[in-house]
Amino acid sequence: MIAYVDGASRGNPGPASLGVVLLDLEEKPIKTLSARIGTATNNIAEYYALIFALQEAILLKADELQVYTDSELVAKQFSGEYKIKDASLQQLFLLVSHLKQGFKKLAVSHVPREKNKLADAAANQALDNTFLQIG
């Protein structure tokens, strides 16, 4: 399974949201998730998007997941290349580490913003609405 994830924050911190697009291995859409998460920084919103993607993939019984994010910070913290200094991000990373155990194989890779348009659109749609959308 493939997931594209993105977080958004208008104000940083400000109103924040997440967007997740799950695809099968032929890159056909399986599900799109978007949700407002209250007031948060962009980095926190990016982590929430990753967490939602991991949770949804587990619910869909995926044993392998390739995640793409335009957040270099999240991708490099996941790989251990960057240290996590912020206490809030440390807590979210703890959740990611726990969810990671639900997969035989999990990879998180950085992609340029222009390759993450669907997840970005889902995150921004959530900011324009006030509810969780699943489609």
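The values are calculated or read from the model by the stated rules, or taken from the named source; none is laboratory data. None of these values were measured; they are calculated from a predicted model. Neighbour counts are summed over all protein chains in view; Cβ atoms, including those assigned to glycine, are modelled from backbone coordinates with ideal geometry.
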| Do the conditions hold for Asp63, that is, is it of a type outside the set (Val, Ile, Thr), touching a residue at least 12 places away in the same chain (Cβ under 8 Å) and under 20 Å from Pro15 (Cβ atoms)? | no
| query | of a type in the set (Phe, Trp, Tyr), buried (at least 18 other Cβ atoms within 10 Å of the Cβ), closer than 14 Å to Ala3 by Cα and in contact with a helix residue (DSSP H, G or I) (Cβ under 6 Å, 6 or more places away or on another chain): does that describe Tyr68? | reply | no
| message | Suppose we filter segment 1-16 for residues that are assigned to a strand (DSSP E or B) and either acidic (Asp, Glu) or over 10 Å from the mean Cα position of the chain (by Cα) (or both); how many remain? | response | 7
| What are the residue pairs meeting all of these: first residue in segment 10-26, first residue farther than 18 Å from Ala62 by Cβ and touching a residue at least 12 places away in the same chain (Cβ under 8 Å), second residue among the β-branched types (Val, Ile, Thr) and part of a loop (DSSP other than H, G, I, E, B), Cβ atoms under 8 Å, and 6 or more apart or on different chains? | Asn12/Thr41; Pro13/Thr41; Ala16/Thr41
| Matching option when the condition is aliphatic (A, V, I, L, M) and within 19 Å of Leu89 (Cβ to Cβ), among Ala57, Ala62, Ala3, Ala49 | Ala49
| How many residues are among the charged types (D, E, K, R) and modelled with pLDDT under 95 when one looks only at segment 98-131? | 1
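So which residues in segment 17-56 are among the hydrophobic types (A, V, I, L, M, F, W, C) and in a strand (DSSP E or B), if there are any at all?
Within segment 17-56, Leu18, Val20, Val21, Leu22, Leu23, Ile30, Leu33, Ala35, Ile37, Ala40 qualify.
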| Lone qualifier among Ala87, Ala57, Ala62 - being modelled with pLDDT of 95 or more and in contact with a strand residue (DSSP E or B) (Cβ under 8 Å, 6 or more places away or on another chain) | Ala57
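Select, from Ala57, Ala49, Ala3, Ala87, the only residue that is exposed (fewer than 13 other Cβ atoms within 10 Å of the Cβ) and either closer than 19 Å to Pro112 by Cβ or among the aliphatic types (A, V, I, L, M) (or both).
Answer to the check: Ala87.
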| request: For residues that are over 11 Å from Ala8 (Cβ atoms), of a type in the set (Val, Ile, Thr) and surrounded by fewer than 24 Cβ atoms within 10 Å (Cβ to Cβ), tally how many sit in segment 18-40. | output: 3
